[in-house]
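Let me begin by presenting the structure, written as structure tokens, before commenting on it.
The values are calculated or read from the model by the stated rules, or taken from the named source; none is laboratory data. A quick note: this is a predicted structure, and the numbers were derived from the prediction, not measured. Cβ coordinates were reconstructed from backbone atoms using ideal geometry, including for glycine residues, and neighbour counts include every protein chain displayed. The area values use the complete protein model at the heavy-atom level, side chains included, leaving out ligands, DNA and RNA. Shrake-Rupley method; radii C 1.70, N 1.55, O 1.52, S 1.80 Å.
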Amino acid sequence: MSVAKKQYKRVTTKSLVEMKANGEKISMLTAYDYTMAKIVDGAGIDVILVGDSASNVMAGHETTLPITLDQMIYHASSVIRAIERCLVVVDLPFGTYQGNSKSALDSAIKVMKESGGHAVKLEGGSEIGESISRILTAGIPVMGHLGLTPQSIYKFGTYTVRAKEEEEAEKLLEDAKLLEELGCFALVLEKVPAALAQKVAESLTIPVIGIGAGGGVDGQVLVTHDMLGMTHEFNPRFLRRYLDLYTEMTGAFQSYIADVKSQDFPNEKEQY
């Protein structure tokens, strides 16, 4: 027997915890600009992540490391101006919170004040516990991120699946429990075995949102440009492409070029 889903006029951190308790899966996508955020929010998404993946998707960098705090604030403020319903979570970029909890607090406050975002996300477990605690003292909601943590790519040396070995899997579970104890309202698990991800989700009362972490978690997140097929070089197993916009857009651009060259565009109805 299905249970009617609660309708949320505005999604909050409390809403996500309720969704998990009620068995409702959480939908999450990225956005970095006003136009895309307007469409994503209007479609009914629960959470928009203003991810440091903007470093790759919007700026063409090889990793997420180069993007700055001010650039993240620019993207986040653009998204905030578009949304009416969803929760907006903003990544703290590399170098703004690791190793110095005062800097972490300053970074989080700057994001919240200047972008209007609703929460911040940090990568890591026990090693950033002090930073998370200090941010939470200011009343700023924190989403955790474990598993594959792209800001640590040069430490791992690869984007392969994390926590396949028992020792790393145990640490991930311990870190997940620690993040909940510290006060994180939710957790992202990236590229970890599905069985481990389900175990983590079942061990926590806060929602666990997966990307490449199987279906046993409490929600899913994808990069919007990937799931729309705007990117075409990136083909991980966890990615489902709902459109092939790369092909569609290429065709549209080529049609426009042909129409301009042939003087078909603009026609008499398309001019003043």
PHE238 part of a loop (DSSP other than H, G, I, E, B), without any contact (Cβ under 8 Å) to a residue 60 or more places away in the chain and of a type outside the set (Gly, Ala, Ser): yes
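When segment 179-202 is examined, which residues are found to be part of a helix (DSSP H, G or I) and open to solvent by less than 50 Å² (accessible area, probe 1.4 Å)?
At the first step, the residues of segment 179-202 found to be part of a helix (DSSP H, G or I) are 179-182, 194-202.
Result: LEU179, GLU180, LEU196, ALA197, VAL200, ALA201.
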Looking at segment 80-87, can you tell me whether even one residue there is at pLDDT 95 or above, in contact with a Lys or Arg (Cβ under 7 Å, 6 or more places away or on another chain) and open to solvent by less than 60 Å² (accessible area, probe 1.4 Å)? yes
Residue that is surrounded by fewer than 23 Cβ atoms within 10 Å (Cβ to Cβ) and outside any loop (DSSP other than H, G, I, E, B), where the choices are MET72, MET112: MET112
All-but-one check, PHE253 against (1) outside any loop (DSSP other than H, G, I, E, B); (2) loosely packed, with under 12 Cβ neighbours inside 10 Å; (3) under 17 Å from the mean Cα position of the chain (by Cα), failing number (3)
Checking GLU170 against (1) assigned by the TED database to the domain that holds GLY129; (2) touching a residue at least 12 places away in the same chain (Cβ under 8 Å): exactly one of these is not met. Which one? (2)
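For residues that are out of contact with any helix residue (DSSP H, G or I) (no Cβ under 9 Å at 6 or more places or on another chain) and open to solvent by less than 90 Å² (accessible area, probe 1.4 Å), tally how many sit in segment 217-250. Explain how you work it out, then say what you get.
Taking segment 217-250 and keeping what is out of contact with any helix residue (DSSP H, G or I) (no Cβ under 9 Å at 6 or more places or on another chain), we get 220-222, 227, 233, 235, 237-238, 244, 246-250.
With the extra rule that they be open to solvent by less than 90 Å² (accessible area, probe 1.4 Å), the set shrinks to 220-222, 227, 238, 244, 247, 249-250.
Residues in segment 217-250 being out of contact with any helix residue (DSSP H, G or I) (no Cβ under 9 Å at 6 or more places or on another chain) and open to solvent by less than 90 Å² (accessible area, probe 1.4 Å): 9 in total.
Restricting to segment 155-178, what's the tally of residues that are at pLDDT below 80 and either surrounded by fewer than 21 Cβ atoms within 10 Å (Cβ to Cβ) or in a strand (DSSP E or B) (or both)? Can you show your working first?
Our first condition is that a residue be at pLDDT below 80; within segment 155-178, this holds for 155-164.
From the residues that got through so far, the ones that are either surrounded by fewer than 21 Cβ atoms within 10 Å (Cβ to Cβ) or in a strand (DSSP E or B) (or both) too are 155-161, 164.
Qualifying residue count, segment 155-178: 8.
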Please enumerate the residues belonging to segment 125-154 that are in contact (Cβ under 8 Å) with a residue 40 or more places away in the chain and not in a helix (DSSP H, G or I). GLY125, PRO141, VAL142, MET143, GLY144, HIS145, LEU146, GLY147, LEU148, THR149
Applying the selection to segment 39-69, what residues are open to solvent by less than 40 Å² (accessible area, probe 1.4 Å), of a type in the set (A, V, I, L, M, F, W, C), within 16 Å of LEU228 (Cα to Cα) and without any contact (Cβ under 8 Å) to a residue 60 or more places away in the chain? ILE45, ILE48, ALA54
Determine whether VAL120 is open to solvent by less than 40 Å² (accessible area, probe 1.4 Å), outside any loop (DSSP other than H, G, I, E, B), at pLDDT 95 or above and within 24 Å of GLU174 (Cβ to Cβ). yes
Out of (1) part of a loop (DSSP other than H, G, I, E, B); (2) in the same structural domain as THR205 (by the TED database); (3) among the charged types (D, E, K, R), the one LYS5 does not meet is (2)
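How many residues does segment 111-148 hold that are of a type in the set (Lys, Arg) and in contact with a strand residue (DSSP E or B) (Cβ under 8 Å, 6 or more places away or on another chain)? Reasoning before the result, please.
Quick first cut of segment 111-148, residues of a type in the set (Lys, Arg) only: 113, 121, 134.
Next, from what is left, pick out any that are in contact with a strand residue (DSSP E or B) (Cβ under 8 Å, 6 or more places away or on another chain): 121.
Residues that pass the stated criteria total 1.
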